[in-house]
Amino acid sequence: MKSQDNHTTPAETVSETTVCEKHSRRTPHSGRARGRLGGRPKKLADAKQLELARTLYAGGQTDIATICQTLGISRAILYRALKGFQNDSSVAP
């Protein structure tokens, strides 16, 4: 009996790598064509929740921990959402 080799030749490896690379490049584009964006959904995607967070923060009477607990988000998410808000409010007269 002849023992079987489970080794791949360099030519097979190159061919397999090329196929994988082509598929990887094609996949995101085909998903976007079907309306898929990918990535993790935003926690504060709802405009009402974002506006509530901005209002509570701008009021100055509610501390950060309470805002985060009320909305069910972390401090990092709150600060990330408020980053653009703080820049916009500094421009206003």
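Scanning segment 54-81 for residues that are surrounded by 16 or more Cβ atoms within 10 Å (Cβ to Cβ) and under 17 Å from the mean Cα position of the chain (by Cα) yields I73, I77, L78, A81. In contact with a helix residue (DSSP H, G or I) (Cβ under 8 Å, 6 or more places away or on another chain) and either at pLDDT 70 or above or surrounded by 10 or more Cβ atoms within 10 Å (Cβ to Cβ) (or both): is that true of S30 in this structure? For S30, the condition - in contact with a helix residue (DSSP H, G or I) (Cβ under 8 Å, 6 or more places away or on another chain) and either at pLDDT 70 or above or surrounded by 10 or more Cβ atoms within 10 Å (Cβ to Cβ) (or both) - is not met.
The values are calculated or read from the model by the stated rules, or taken from the named source; none is laboratory data. Here the structure is a predicted model, which means the values were calculated and not measured. Backbone-built Cβ (ideal geometry, glycine too); neighbour counts: all protein chains shown.
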